[in-house]
1. Before rounding to the nearest 500, sum -39500 (n - 2.57) across all DSSP H runs of length at least 4 in the chain and divide by the residue total; then give [θ] at 222 nm in deg cm²/dmol.
2. What is the dipole size for the chain, taken about its Cα centre, with +1 at each Lys and Arg Cβ and -1 at each Asp and Glu Cβ, in debye to the nearest 20?
3. To the nearest 20 Debye, how big is the dipole of region 199-390 about its Cα centre, given +1 on the beta carbon of each Lys and Arg and -1 on that of each Asp and Glu?
4. So for the chain, averaging the separation of alpha carbon pairs under 8 Å that are six or more residues apart and normalising by length, what relative contact order in percent results?
5. Just report the Cα centroid separation between region 253-303 and region 405-437, whole Å.
6. Once the Cα atoms of helix 534-544 and of the chain are each reduced to a long axis, what angle between those two axes, in degrees from 0 to 90 to the nearest 10, is obtained?
7. Just to verify a number: FRET efficiency for E308 and K344, C-beta to C-beta distance, R0 = 22 Å, to 0.05?
8. I'd like the orientation of helix 247-256 relative to the chain: the angle between its Cα long axis and the longest Cα principal axis, in ° from 0 to 90, rounded to 10.
Amino acid sequence: MASTLHSKALALTIPVTYAKELLGPVLGRLDVAKSALFYYILAIYARKAYWHLRARGVTASVKEVYLVVSQFVVRLVLRLPSMQKKVTTEMGKARLDIENKLVPKGPNVTRHLALPDDGKSLEWILAEMEKMDVELNGQSGIWNQGKLSGAVYHGGEDLQKIITAAYDRYCVSNPLHPDVFPAVRKMEAEIVAMVLKLYNGPDTGCGVVTSGGTESIIMALKTYRDWAKKVKGVTEPEIIIPASAHAAFDKGAAYFKIKVHVIPVDGYTRKVDLKRVKRAINPNTILLVGSCINYPDGTQDDIAALSELALKHNLGLHVDCCLGSFIVPFLEPAGLANGDANGKYKLTPFDFRLKGVTSISCDTHKYGFAPKGTSVIMYRTPELRRFQYYVYAEWVGGVYASPSMSGSRPGALIAGAWAVLQHVGTKGYLESCRSIVLATRQIADAITNTIPELYVLGDPPASVVAFASKHPQVSALEVGDAMSKRGWHLAGISNPAACHIAVTRLTVPVVDAFIADLKDAVQEAKLAPSGTGSMVAVYGLGKSSAVGPEMVGELAASFIDTLYKA
């Protein structure tokens, strides 16, 4: 019996031993492969960490880690029942305050929450619109008093009539059907051609009309993402933008899962830090961004230097001229590009004459005075523009192709834009540029020479001027709130806390009043700061704690919610 068991054990041992001898090398190679895979993944993440650290710098990276940790800790604290109740109460008050400011209330407010049984006449509709304007504004519109920063880029009553006539003629048109509306197709192509000429586009230059600057920028990001994937094999795209670049770049990057490196701007010149831009470039970089002019303070980046970097590294370079629109191309022919007698307010090269510039966005609905909802995204070559298109050839509904985000588009807006460009013409835009820019420089000079508590950010060459405080007892945000009491609607900005005004044709006649009110507002902010204005509340909260930006985000979301409360 024992002999039999021994024989069986021996018989089992031999195959196992043989299997170990046979599989040993294979198992060894698997171990090596697992180790190699581990180190490969480790190397990938180490490389990404190095690129991130190189782009952000040690100090900024440490701050990012601190911010993440502190926000996590604060969120844990806010989950405590007592804190959660307090935060909920305060946010509820803030939401109610927003609602009370935006949503009309009372027994005399008529709400139209369902379709009427019988359709209303044109006379009734116009009367109801007038009633709503008076109920909500206290008068029939406040936008035409010249006290808004940007927002309304009105070209005059004659242009308003031209726009409405064009809209009336093409109100049912849709560029999605060029065979049905050939005139709209022609007008869109001609708008692109006219704007390209303003920006010194090459013979190969091309573009598309979009719904506004945000769509133009988002379309550019889509274009470069797809271009880099096909041409350079980039699957984890990254872009490099100045801190002063428009938020639409972050918005588009969030949509398309593109990593954004935000580079600080120089505290004095307000131009992007080129050394930091160079350090941020890596194999995943697909695009550099510059502005002419930027939204926060109205200055321009060193586009020529960015162009050289783009050429050296085979990158795209997008120049955001949405706000500069029909101002910056006319500074040179208007004799204003070289600045004033003291060498201030100079405009440096920014358009397609720089070989590294591969795309430009320009809003026709700003200083072009076209109807709201029109912008142009321009490219150096049609090959690059192709990456913007969406084409679906296998859809059961037929071949689907569109040049931009929208499918159907309002041809009436394109017609309105075309009509405005034809009516204003080169001479009209030159005159407009000259009056707006000189008014802007009058404001900047007044701040510099007559208001010692404030200083102008950077060296704005065009139509926007921003001011911050250099006095310890004066808050620029308090000044902004004091200006609000005087009927002015300025824009609050941060880093540093400041306000800006985008001068329009409506602002030009009231520049002296603006300067006088600004002087009074500074004295009010110095001697009797309220601490309760909307600018102080919102922008102060954003800097008050680690969770401040999250609170501001919640308030912003509540604001948007309120817009849709009938």
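1. Result for the chain, helices only: -17500 deg cm²/dmol.
2. Numbers: 62 positive and 51 negative charges, 446 e Å.
Dipole of the chain, to the nearest 20 debye: 2140 debye.
3. Values: 24 positive and 18 negative charges, 110 e Å.
In total the dipole reaches around 520 debye.
4. Relative contact order here is 18 percent.
5. Each part's Cα centre sits 29 Å from the other's.
6. The two axes meet at around 20 degrees.
7. Given R0 = 22 Å and the Cβ-Cβ separation, E is 0.30.
8. Helix 247-256 sits roughly 30 degrees off the main axis of the chain.
The values are calculated or read from the model by the stated rules, or taken from the named source; none is laboratory data. Quick caveat, the model's predicted, so the values are computed rather than measured. Glycine also receives a Cβ, built like all others from the backbone with ideal geometry; neighbour counts cover every protein chain displayed. When the accessible area is computed, the model is the full protein with side chains, heavy atoms only, and any ligands, DNA or RNA have been set aside. Shrake-Rupley method; radii C 1.70, N 1.55, O 1.52, S 1.80 Å.
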